[in-house]
Amino acid sequence: MGKSSKDKRDAYYRLAKEEGWRARSAYKLLQLDEEFNLFEDVTRVVDLCAAPGSWSQVLSRVLIKGEKFGRAGWEQKQKETRDYVLGVSKSKKSVDTAAAGEDGGAVQDVKQAEKREGVRIVAIDLQPMSPLEGVTTLRADITHPSTVPLMLQALDPDTYSAASPTSSPSAPVDLVISDGAPDVTGLHDLDIYVQSQLLWAALNLALCVLKPGGKFVAKIFRGKDVDLLFAQLKHVFARVRVAKPRSSRASSIEAFVVCEGFRPPEGFKPSLEKPLGAGTTLPVPDGTPGATQPSRVVRADGVVEIDLGDESEEEGVEEGVEEGGARWIAPFLACGDLSAYDSDATYALPKDRVSLDPVQPPTAPPYKRALEMRKMAGGAYGKTKGQERKEA
Ligand SMILES: C[S@@+](CC[C@H](N)C(=O)[O-])C[C@H]1O[C@@H](n2cnc3c(N)ncnc32)[C@H](O)[C@@H]1O
């Protein structure tokens, strides 16, 4: 499949190249932000599974450069236009930018918004990541306990002491985001299982650094029993919702869980050696109305059943609780402007259009070694000498 064909079949892939994003995933975070206002009052963020770095780019542009996107960007343009027309502002630049607004499908931006003080962004991935302005990048495995001290040190380089590593940073973070995905095998159950392990690891890292009231956003695969996972998240977050941005293909099982209002249970000590829920009961914040301590029963067939208690009094039916039952169903929202591109549609492109190269090709993709071996064998990427002769 050529770049041009992919440009037609994947509007967000094309847009990402045109608008300078390293990956089409940038639009997922931007559309989630439009719905949930994720970046409001946020200065310290951890971006897990961050390579090639489009989410970190969004963070850098919003938090460090002070840019606004989507509806916020549009509102800012409108305000600047109004101020210019009414003579409040002398600057015509932003008005010109507004007048020159491009196609409605893209998420438009406006610069010169307010900058934030004390911004810190730490990005972690197994793969190396090219540097980004204001982002500290770490190459590490989020499922490994050794990543915690690395992350804490990156968050507080001045105050962190290796001699007394603690489980929480001196200044905790406002937001943890995770777009973690395994190399998909196509075996749905296996992919969902590995994905849930990544989500679990991301949550445990988030518990180590989030401040009370903080937010956690993570990719999930909507598999069987995913609502059990949401119910567990509900014990440590006041609000848990699931969202599907328009830039995420409707045909994929991917969605994002958006958790707000972190409420660590009293006395809770986060640790990756003894992660949340592993072999023990899940903590429930003291005084949580309607919440009971969950119980864990190992059945004769080895299956572990976790009874999460009855939360129906706390949230009511609108918040996704089945009346009279312990099963809690997270509200599901579609997000992204309706005029935005449909990620499952194919769009015709002008004949003379030049297909752009990706902004940031993978630095060390898992298939790199295979390509190198093939090159050594055949002298050309993608073809061995034998193949070339056969085709000639
Ligand atoms: C969909 S990509 C993330 C895209 C990224 N959010 C962006 O906007 O560019 C998924 C990433 O998860 C990373 N990943 C998978 N397992 C991981 C692990 N155990 N630890 C750290 N990163 C992991 C992969 O290396 C891959 O870069």
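Hey, can you tell me all the residues within the stretch 124-156 that are more than 9 Å from the ligand (Cβ to nearest atom) and touching a residue at least 60 places away in the same chain (Cβ under 8 Å)? If you could, list the steps in order and put the result at the bottom.
Here is the first cut: in the stretch 124-156, the ones more than 9 Å from the ligand (Cβ to nearest atom) are 128, 130-138, 145-146, 148-156.
Those that are more than 9 Å from the ligand (Cβ to nearest atom) and touching a residue at least 60 places away in the same chain (Cβ under 8 Å): PRO128, SER130, LEU132, GLU133, GLY134, VAL135, THR137, PRO145, VAL148, MET151, LEU155.
Of all residues being of a type in the set (A, V, I, L, M, F, W, C) and open to solvent by 10 Å² or more (accessible area, probe 1.4 Å) in the stretch 211-227, which is modelled with the lowest pLDDT? Just the residue, please. Before you say what the answer is, go through the steps one by one.
From the stretch 211-227, those of a type in the set (A, V, I, L, M, F, W, C) are 216-218, 220-221, 226; that's our starting set.
This time we only want the ones that are open to solvent by 10 Å² or more (accessible area, probe 1.4 Å), so: 221, 226.
Details: PHE221: 92, VAL226: 85.
So the residue we want is VAL226.
Within the stretch 29-66, work out how many residues are farther than 24 Å from LEU333 by Cα, part of a helix (DSSP H, G or I) and more than 13 Å from the ligand (Cβ to nearest atom).
2
Report, ordered by the first and then the second residue, all pairs with beta carbons closer than 6 Å, sequence separation of six or more or different chains, a first member in the stretch 332-343 that is over 17 Å from ILE253 (Cβ atoms), and a second member that is among the basic types (Lys, Arg).
GLY336/ARG246; ALA340/ARG246
Looking only at the stretch 305-312, decide whether some residue is at pLDDT 75 or above, among the hydroxyl-bearing types (Ser, Thr, Tyr) and not in a strand (DSSP E or B).
So in the stretch 305-312, the residues at pLDDT 75 or above come out as none.
Within the stretch 305-312 (the criterion being at pLDDT 75 or above, among the hydroxyl-bearing types (Ser, Thr, Tyr) and not in a strand (DSSP E or B)), the answer is no, since none of the residues qualifies.
Those residues that are surrounded by 12 or more Cβ atoms within 10 Å (Cβ to Cβ), at pLDDT 70 or above and part of a loop (DSSP other than H, G, I, E, B), I need them from the stretch 363-392; list them, please. If you could, list the steps in order and put the result at the bottom.
Residues of the stretch 363-392 surrounded by 12 or more Cβ atoms within 10 Å (Cβ to Cβ): 363-365, 371, 374-375, 377-378, 380, 383-384, 387-388.
Going one step further and asking which of them are at pLDDT 70 or above, we end up with 363-365, 371, 374-375, 377-378.
Hits for the stretch 363-392 are THR363, ALA364, PRO365.
Could you please find all residues in the stretch 201-229 being under 17 Å from the mean Cα position of the chain (by Cα) and over 19 Å from ARG263 (Cβ atoms)?
Correct list: ALA201, LYS219, ILE220, PHE221, ARG222.
Would you mention how many residues in the stretch 230-271 are assigned to a strand (DSSP E or B) and among the hydrophobic types (A, V, I, L, M, F, W, C)?
First, the residues of the stretch 230-271 that are assigned to a strand (DSSP E or B): 237-245, 254-262.
Right, trim to among the hydrophobic types (A, V, I, L, M, F, W, C) and you get 237-238, 240, 242-243, 255-259, 262.
Within the stretch 230-271, residues that are assigned to a strand (DSSP E or B) and among the hydrophobic types (A, V, I, L, M, F, W, C) number 11.
Taking the conditions exactly as written (open to solvent by less than 30 Å² (accessible area, probe 1.4 Å), of a type outside the set (Asp, Glu), modelled with pLDDT of 85 or more and part of a loop (DSSP other than H, G, I, E, B)), does PRO182 satisfy them or not?
Numbers: open to solvent by less than 30 Å² (accessible area, probe 1.4 Å): yes; of a type outside the set (Asp, Glu): yes; modelled with pLDDT of 85 or more: yes; part of a loop (DSSP other than H, G, I, E, B): yes.
Judged against the criteria, PRO182 is a match.
Residues of the stretch 35-67 being touching a helix residue (DSSP H, G or I) at 6+ places or on another chain (Cβ under 8 Å), charged (D, E, K, R) and surrounded by fewer than 22 Cβ atoms within 10 Å (Cβ to Cβ), which ones?
Matches in the stretch 35-67: GLU67 only.
Could you tell me which residue of the stretch 17-28 is nearest to the ligand (Cβ to nearest atom), considering only residues that are in a helix (DSSP H, G or I) and modelled with pLDDT under 95? Can you show your working first?
The initial filter retains those residues of the stretch 17-28 that are in a helix (DSSP H, G or I), namely 17-18, 25-28.
Restricting the remaining residues to those that are modelled with pLDDT under 95 gives 17-18.
Numbers: LYS17: 13, GLU18: 17 Å.
Once the filter is applied, the top-ranked residue is LYS17.
Starting from the stretch 43-62, take each residue that is under 20 Å from ALA171 (Cβ atoms) and list its partners that are in a loop (DSSP other than H, G, I, E, B) and more than 8 Å from the ligand (Cβ to nearest atom), counting only C-beta distances under 6 angstrom and pairs at least six apart or across chains.
Here the result reads THR43/ARG116; THR43/GLY118; THR43/VAL119; SER60/GLU133; SER60/GLY134; VAL62/PHE39, each pair linking the stretch 43-62 to a residue that is in a loop (DSSP other than H, G, I, E, B) and more than 8 Å from the ligand (Cβ to nearest atom).
The values are calculated or read from the model by the stated rules, or taken from the named source; none is laboratory data. In this text the structure is predicted, and so the values were computed from the model without any measurement. When we count neighbours, we look across all protein chains shown, and the Cβ atoms used for this are built from the backbone with ideal geometry, even at glycine. For the accessible areas, the whole protein counts, side chains as well, though only heavy atoms, and no ligand, DNA or RNA atoms are used. Shrake-Rupley method; radii C 1.70, N 1.55, O 1.52, S 1.80 Å.
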